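K.L.:
First the structure, which I've put down as structure tokens, then a few questions once you've had a look.
The values are calculated or read from the model by the stated rules, or taken from the named source; none is laboratory data. Because the structure is predicted, anything quoted here is derived from the model rather than measured. We place every Cβ from the backbone using ideal geometry, glycine too, and count neighbours over all the protein chains shown. Protein only, heavy atoms only, side chains kept; ligands, DNA and RNA dropped before computing areas. Shrake-Rupley method; radii C 1.70, N 1.55, O 1.52, S 1.80 Å.
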Amino acid sequence: MSEKYTNILNTSYRLFAEKGFDQTSMSFIAKELGITKPAIYYYFSSKEKLIQTLFDYIIEEINFTNFFNHQEYTKENFMTKLTDDGVSMMNKQLQDPYYNKIMNEYYVLSTRNSYYAQALKKVLDEFLNGFVTLLQLARDYELLSEHEIQTKAEFLTIIVDGLDKYSNEEYSFDPTAIWAFSVKSIFQ
């Protein structure tokens with residue numbers, strides 16, 4: 001990736017988050033970057049292609065395995081590791097002032113465009129499958145019974161999805177406490 005390509009993606013990320021997709025033109029992005037609009041079109045054939053490329057990059061970044069590596073879990077560290085990995089994931093997202101805003105743009109876009117709806121569903125499915133695998137490992141370590149592993153994995157997935165949507169300055173939720181409580185509750 002060239003530096004200009006990366007700068008276009010980073011600036012677009014910020015502007016789309018601040019102003020929304022509809023209010024951010026390619027001209028505005030070019031002006032913000034100090035380049036010509038054709039320079040953006042050299043890399044992205046349309047605004048829609050830029051939006052999709054940025055989305056694909058974000059989706060890759062929020063992949064389950066980027067946050068939860070089942071090979072690092074032991075019987076001794078399981079609950080602490082699951083809690084810490086979830087908190088680490090949330091902290092990474094909370095440190096990015098644009099993450100929630102741009103994801104809200106993509107959630108709205110997913111109601112009109114099946115590409116985004118299917119990709120967001122795939123992310124949730126990957127989290128669900130990842131949590132099932134982790135909880136089966138906890139069962140193998142005799143930390144959990146077989147009973148309701150699927151339901152517990154669904155619960156963790158819904159918690160992650162909800163915290164992803166509602167952990168920002170508009171809400172006074174404590175995502176760390178909610179996540180820690182959620183993890184603790186599945187082991188009771």
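K.L.:
How large is the charge dipole for the range 131-188, taken about the Cα centre, if only the Cβ atoms of Lys, Arg (+1) and Asp, Glu (-1) carry charge, to the nearest 20 debye?
P.N.:
Charge dipole, the range 131-188, about its Cα centre: 120 debye, nearest 20.
K.L.:
At what distance in nm do the modelled label points of Tyr41 and Phe155 sit from each other, each positioned 7 Å from its Cα along Cα→Cβ?
P.N.:
Placing both labels 7 Å beyond Cα along the Cβ direction yields 5.5 nm.
K.L.:
Which GluC sites (Glu not before Pro) does the range 1-97 hold that lie in a coil by DSSP with at most 13 other beta carbons within 10 Å?
P.N.:
Those satisfying the criteria are Glu76.
K.L.:
Further question: May I ask you to give the percent of accessible area on the range 1-138 that is carbon plus sulfur, with a probe radius of 1.4 Å?
P.N.:
49
K.L.:
Taking the solvent-accessible surface of protein heavy atoms with a 1.4 Å probe, what is the per residue accessible area of the range 34-76 in Å²?
P.N.:
With all protein chains present, the range 34-76 gives 61 Å² per residue.
K.L.:
Residues of the range 139-188: accessible area per residue at 1.4 Å, in Å²?
P.N.:
In whole numbers, the range 139-188 has 62 Å² accessible per residue.
K.L.:
Hey, what number do you get for the chain at 222 nm if only DSSP H runs of n ≥ 4 count, each worth -39500 (n - 2.57), divided across all residues, to the nearest 500?
P.N.:
-23500 deg cm²/dmol
K.L.:
I need the GluC sites (Glu not before Pro) found in the range 98-188, filtered to DSSP loop residues with at most 13 other beta carbons within 10 Å of theirs.
P.N.:
Sites meeting the loop and neighbour criteria: Glu142, Glu146, Glu148, Glu169, Glu170.
K.L.:
Kindly report, to the nearest 10 Å², the accessible surface of Thr11 as traced by a 1.4 Å probe over protein heavy atoms only.
P.N.:
Approximately 20 Å² for this residue.
K.L.:
Using 0.36 nm per residue, how much length does the chain from Asn104 to Glu148 gain when fully extended, once their Cα-Cα distance is taken away?
P.N.:
Between Asn104 and Glu148, full extension yields 12.7 nm more.
K.L.:
Another question about this same structure. Which of the listed residues, Tyr141, Tyr107, Ile186, is farthest toward the dipole's positive end in the chain, when Lys, Arg count +1 and Asp, Glu count -1 at the beta-carbon?
P.N.:
Of Tyr141, Tyr107, Ile186, it is Tyr107.
K.L.:
Evaluate the charge dipole of the range 1-141 about its Cα centre and quote only its size in Debye, nearest 20, assuming +1 on the Cβ of each Lys and Arg and -1 on the Cβ of each Asp and Glu.
P.N.:
It comes to approximately 480 debye.
K.L.:
Moving on. Of Ile35, Gly20, Ser46, whose Cα points farthest to the positive end of the dipole of the range 1-72 (charges on the beta-carbon: +1 Lys, Arg; -1 Asp, Glu; origin at the Cα centre)?
P.N.:
Highest projection toward the positive end goes to Ile35.
K.L.:
State the Cα centre-to-centre distance between the range 153-188 and the range 37-79 in whole Å.
P.N.:
Cα centroid to Cα centroid, the span is 21 Å.
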